[in-house]
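The values are calculated or read from the model by the stated rules, or taken from the named source; none is laboratory data. Just so it is clear, the structure is predicted and the values come from calculations on it, not from any experiment. Quick reminder, even Gly has a Cβ in these numbers, built from the backbone with ideal geometry, and neighbours come from all protein chains shown. For accessibility, only protein heavy atoms count, side chains too; no ligands or nucleic acids. Shrake-Rupley method; radii C 1.70, N 1.55, O 1.52, S 1.80 Å.
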Amino acid sequence: QVQLVESGGGLVQPGGSLRLSCVASRSISSIFAMGWYRQAPGKQRELVASITRGGMTHYADGVKGRFAISRDNAKNTVYLQMNSLKPEDTAVYYCNKAAYGSLDWGQGTQVTVSS
């Protein structure tokens, strides 16, 4: 089973940027779609961005134009560039498959947007 390790979170002021990374323990090149999810306190986990093996991307309405997902199959890594961050982006962010089941969830990385 592939292990996922997320990193790059932190405390940032509104309007700031962060870049999250998700490193897989083995190749993700065969995985059809990878995604970034987030879970805020008291809320369900939601998919915010996904990218297919071919590079097609999809974003949740609330992050379109602000977030950008990418993947580097050679490095077994998925990234999430987050710009113009808002307090409502505060959550624990996770990566996982975006279709056809899921892998074991990692620990996630905390993103806190606050002044």
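The table for this structure:
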| item | result |
| --- | --- |
| Amide H within-cut-off set for Val48, under 5 Å, with H built and near neighbours excluded | Trp36, Tyr37, Arg38 |
| Residue among Phe32, Leu20, Tyr93 farthest towards the positive dipole end of the chain, charges placed on Cβ | Phe32 |
| Accessible surface of region 1-89, 1.4 Å probe, proportion on carbon and sulfur as whole % | 49 percent |
| Of Pro87, Pro14, Pro41, the one that fluctuates the most in a GNM where the chain has Cα springs shorter than 10 Å | Pro41 |
| Accessible surface, the chain, averaged per residue in Å² (probe 1.4 Å) | 52 Å² |
| Net charge dipole size for region 1-67 [Lys, Arg +1 and Asp, Glu -1 on Cβ; Debye, nearest 20] | 40 debye |
| Given charges at beta-carbon only (K, R positive; D, E negative), |dipole| of region 28-70 in Debye | 80 debye |
| Sequence-separation-based contact order of region 22-115, relative, with Cα cut under 8 Å and 6+ spacing, percent | 30 percent |
| Accessible area in the full protein assembly, largest first, 1.4 Å probe, for Trp36, Trp105 | Trp105, Trp36 |
| Inverse of mean 1/r across different Cα pairs in the chain, Kirkwood, Å | 13.9 Å |
| Whole-Å semi-axes of the ellipsoid equivalent to region 1-61 (Cα gyration tensor, √5λ, descending) | 22, 15, 13 |
| Potential extension, Gln44-Met56 segment - 0.36 nm per residue separation minus Cα distance | 1.8 nm |
| Cβ-placed point charges (K, R +1; D, E -1), dipole of the chain about Cα centre in debye, nearest 20 | 180 debye |
